[in-house]
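First comes the structure, then the notes that go with it.
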Amino acid sequence: MSFAELGLSAELLRAVAAQGYTQPTPIQVQSIPAILSGRDVLAGAQTGTGKTAAFTLPMLQRLSQTSDRGRLPRALVLTPTRELAAQVGESVRTYGQHLPLRSMQIFGGVGMGPQTSQLRRGVDILVATPGRLLDHVGQGNLDLSQIEFLVLDEADRMLDMGFIHDIRRVLKLLPKKRQNLLFSATYSREIELLATGLLQNPQRIEVARRNTAAELVSQLAHPIAREHKRALLSHLIQSGGWDQVLVFTRTKHGANRLAQQLERDGITAAAIHGNKSQGARTRALADFKSGAVRTLVATDIAARGLDIDRLPHVVNFELPNVPEDYVHRIGRTGRAGSNGTAVSLVSPDERGLLAGIERVLGRRIDSQRIAGFSDLPATAASESADDEPARNRSSQPPRKHHARTRSDGAERGAAQHPRGRSRQPGSARPKPRASV
Ligand code: AMP
């Protein structure tokens with residue numbers, strides 16, 4: 001199957017060829033003809049399947065076929081995060097480069113002024129996060145009455161992040177007659193409810209089972225005392241010659257600290273999390289993609305929607321509280337058919353989390369002890385969570401995390417709690433004796 005056989009126009013085929021894509025991915029094979037024929041679509045597809053092109057290419061084609069109505073937007077793509085909005089916006093520009101369609105992104109964290117002036121000049125395609133979009137509507141900057149085409153991208157994440165009311169408010173502002181596409185990595189009762197209210201006789205497309213990424217990626221766990229994790233990570237990066245590594249921490253504070261520590265070990269690193277400005281995040285991502293920075297340390301929330309091609313290595317510096325986050329994390333590697341490795345540094349207090357992850361995956365993760373590290377004893381102070389105040393550790397039971405707000409909670413918790421103890425970074429760092 002070729003892109004030309006899917007019915008795409010010459011302008012779009014040129015843009016696709018320029019990206020070096022030789023054949024459409026399964027989601028593209030199924031979605032593109034359905035969307036071109038004008039149908040609503042309910043698609044189950046994860047990041048990495050080529051889902052963005054699957055809706056962007058036919059959307060661009062349909063918009064370019066109908067006459068321009070002027071200043072008001074005709075297509076709206078809603079995304080959960082500003083990173084994803086920026087990336088979808090970039091795809092729209094890339095694939096639409098030979099078409100006379102104007103697009104822009106609307107998201108928070110940057111000034112409203114430039115977005116307002118761009119809206120005034122006129123735009124065909126809006127890629128937006130729901131909150132800022134509604135801010136513009138509220139200020140009278142935006143009229144959504146001419147929208148012909150609506151895409152909800154990563155709808156499950158939008159619901160997880162509590163955007164359902166914003167989405168419903170946006171839907172009320174749209175004309176009744178329009179084409180609707182809903183993309184979601186997972187299905188839940190909430191997604192079904194949303195889809196039922198939104199989609200007319202949709203074509204259902206399902207391209208990959210939920211945990212397919214987990215099956216593609218080679219996974220390994222290294223047992224290690226918490227206080228020796230940083231040294232082991234530096235050792236793995238340096239001895240393995242890893243030149244592009246995405247590292248996950250649970251907290252913003254932990255991400256910052258780890259990035260600084262890696263820099264001290266001579267490994268270029270940047271942290272990306274919710275406290276960073278949009279400019280800082282974009283810069284960190286660009287540096288990481290260009291190879292100027294070898295290691296990107298991220299929290300789960302910040303990593304959502306990051307589009308990084310064929311990332312070879314993902315490291316769970318700390319295991320997530322919820323197994324599904326593990327699946328999302330390792331989904332960042334082994335993308336678009338390439339293989340990747342996901343390594344988890346597992347301290348004794350995280351063994352229960354690892355067991356929970358293995359239950360969700362339906363398989364064991366191989367455990368490998370690393371000589372010179374895994375056999376190092378933990379000191380008394382090392383086995384507590386890095387970002388918990390000391391007084392809480394002994395006197396209170398572990399905090400319960402609710403699945404819906406788990407990652408937000410972890411980030412906020414880190415911001416609110418002062419560090420409960422001081423330790424010289426790297427003071428307990430062991431000398432590596434041998435490699436894997
Ligand atoms: P997505 O699932 O939209 O995040 O896309 C994952 C990655 O696959 C992106 O980096 C795309 O550039 C890439 N991609 C999309 N379609 C194709 C294709 N047909 N062939 C090769 N790579 C693709």
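Points to keep in mind about this one:
- Condition check for ALA18: within 12 Å of the ligand (Cβ to nearest atom) and open to solvent by 10 Å² or more (accessible area, probe 1.4 Å): yes
- Some residue of segment 271-294 being in contact (Cβ under 8 Å) with a residue 12 or more places away in the chain, within 16 Å of the ligand (Cβ to nearest atom) and open to solvent by less than 10 Å² (accessible area, probe 1.4 Å): yes
- Pairing residues of segment 38-66 that are in a strand (DSSP E or B) with residues that are more than 16 Å from the ligand (Cβ to nearest atom), at Cβ distances under 7 Å and at least 6 apart in sequence or on separate chains, gives VAL41/ALA34; VAL41/PRO202; VAL41/GLN203; LEU42/ALA195; LEU42/LEU199; LEU42/PRO202; LEU42/ARG204; GLY44/TYR187.
- So LEU12, is it assigned to a strand (DSSP E or B), away from the ligand (no atom under 11 Å from the Cβ), over 18 Å from the mean Cα position of the chain (by Cα) and not β-branched (Val, Ile, Thr): no
- Helices (runs of 4 or more DSSP H) wholly inside segment 252-326 that include at least 3 residues being at pLDDT 95 or above: 252-264
- Selection status of GLN46, over 19 Å from VAL92 (Cα atoms), open to solvent by 10 Å² or more (accessible area, probe 1.4 Å) and not charged (D, E, K, R): no
- When LEU72, LEU42, LEU63, LEU76 are checked against the criterion of being assigned by TED's automatic domain parsing to the domain that holds ASP156, more than 12 Å from the ligand (Cβ to nearest atom) and in contact with a Pro (Cβ under 7 Å, 6 or more places away or on another chain), a single residue qualifies: LEU42.
The values are calculated or read from the model by the stated rules, or taken from the named source; none is laboratory data. Source: prediction; values computed, not measured. Reconstructed Cβ throughout: ideal geometry from the backbone, glycine too, with neighbour counts over all protein chains shown. Note: accessible area is taken over every heavy atom of the protein model, side chains too, but ligands, DNA and RNA are not part of it. Shrake-Rupley method; radii C 1.70, N 1.55, O 1.52, S 1.80 Å.
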